[in-house]
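Please treat every number below as a calculation from the coordinates, not as lab data. From a predicted model like this one, the values you see are computed outputs, not experimental measurements. For neighbour counting, all protein chains shown are included, and Cβ atoms are generated from backbone atoms with ideal geometry for every residue, glycine included.
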Amino acid sequence: MIRPDPDGASAVTPVTLVIADDDEVTRSGLRTLLATQPGLTVVGEAGDGVEAVERARQLRPDVVLMDVRMPRLNGIEATRQLLADSAEPSKVVMITTFENDGYVTAALSAGASGFVLKRRPVREIAEAVRVVAAGEAVLFPSALRRMVTARPLSSAEAFPRAALTGREEQVLRSMATGLSNPEIAESLAVSLETVKTHVGNVLTKLGAQNRTHAVVIAYESGLVVPGFTD
């Protein structure tokens, strides 16, 4: 993340990264491109899911950029293993060539905090890594829009709207537009700590694994209507 320092200049919070992809050319290209982005340091690479889990455990990066389709262990299962066996595991951003709704759902279920496409500009991939490293979540809007409109809402996914306060609904709607906690705080004219409290309450009340999961529930419930743009 890029934040102002006390003197008014911009300061970049360092983020360490492991890239997991079975294509050596892709890994090399991502490493070269991401190395040009402020604050990002690639500390390791992995060629399959098993190696990705091993490297993440060994190097403890802030974020693992995890390909979905890999030999021995795919990215979804590698993510599930990585996040299940540590009190403070690395965060995971899934990256793939394919806009597949099933991948998005599976990635969320496995605990991934983000999902981006390889064809996106490197600055967008880098920003996704920074956002996830800062404790938030990111998902490309077109996949989210298709995912929630293609899947009918089941009774098990019913949205407990009455459980949320009016302010918590406002915060959830802001989350659905992709605003970060500082941006939500500014838009609602409240403190950052207040927003963090509201976000935590929303996740708890919805039984959501992370911000993106909460947004999916909001769309499925009809609280937020698909129609925003990329």
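Based on the mean of other Cβ atoms within 10 Å per residue, sort peptides 70-78, 197-205 so the most packed one is first. If you can, show how the numbers build up before the last one.
On the way: 70-78: 20.0, 197-205: 17.4.
In descending order of packing, they fall as 70-78, 197-205.
Give the lysines whose C-alpha is closer than 27 Å to that of Lys196, dropping any in the same chain fewer than 8 places away, or say none.
Answer for Lys196, where 27 Å is the Cα cut-off: Lys91, Lys205, listed by chain and number.
Give, as a single signed number, the net charge of other residues whose beta carbon lies under 15 Å from the beta carbon of Val190, with Lys and Arg counted +1 and Asp and Glu -1.
On the way: positive: Arg167, Arg173, Lys196; negative: Glu168, Glu169, Glu183, Glu186, Glu193.
My count for the surroundings of Val190 gives -2.
With a cap of 14 neighbouring Cβ atoms within 10 Å, and only residues DSSP puts in a loop, list the chymotrypsin sites (Phe, Trp or Tyr not before Pro) found in the range 89-130.
Working: sites: Phe98, Tyr103, Phe115; in loops: Phe98.
Here the chymotrypsin sites (Phe, Trp or Tyr not before Pro) that fit, given the DSSP loop and packing criteria, are Phe98.
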